[in-house]
Amino acid sequence: MDDNVRYCTECGRELAPTDKFCPACGANIDDMTKESYSASPQTGIGYGYATNSPANSDGLKTLSYLMLFWGIIGTIYGIYTIISAEASVENAVNMLKDMDLWEDYLALGYTEETLKTITYAEGACITVSGVCALMAGHFTFRGEKYKIAVITCTVATIAAFIGIITLLVGIFVTYRLTQYKSAFKS
């Protein structure tokens, strides 16, 4: 047995002398001391998902935190919008009447009921976006169910079309999520 052969202490895979990271699990070889290198391969450890790959852990966690943050904010704001729709529309109509603009809105076909419907729809879209972002954030944080994470993130992005910033951030997060496909277990 060659004394120069070394094995990863995380997964047991044989390492080349020039490896800085384990090709199977992503463990940082430079962080291991000489004594911690295993002299023989560890048996019973699979070569599956790279749980501690440097590229996978930080970026994926950051994405999941962004999704969870929007999920919480979006869900709360959407529910608040739905609950307060009547009062919000009533205040908006009174403001438009004070500025003598309500007749213009009526001429365009907007009634108080139409504005309430628009407000309810806006609240529903934001709530759907928030709930889907929570689901995507959950699956991304756990590194599981890649397809479901991408689909729910895409739905959250589409449902957030009401705000240009939320739409652009959603597109960016969905794009970045597709870059981390290899980090998911399933």
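Just so you know, all these numbers are worked out from the coordinates, no wet-lab data involved. Keep in mind the model is a prediction, meaning the values are calculated, not measured. Backbone-built Cβ (ideal geometry, glycine too); neighbour counts: all protein chains shown.
Laid out as a table, the results:
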| read-out | value |
| --- | --- |
| Checking L168 against (1) under 14 Å from L66 (Cβ atoms); (2) surrounded by 14 or more Cβ atoms within 10 Å (Cβ to Cβ), the condition it does not meet | (2) |
| Out of T178, T81, T140, sole residue that is in a helix (DSSP H, G or I) and surrounded by fewer than 18 Cβ atoms within 10 Å (Cβ to Cβ) | T178 |
| Complete set of residues in the range 151-178 that are more than 16 Å from L134 (Cα to Cα), in contact (Cβ under 8 Å) with a residue 24 or more places away in the chain and within 13 Å of the chain's Cα centre (by Cα) | R176, T178 |
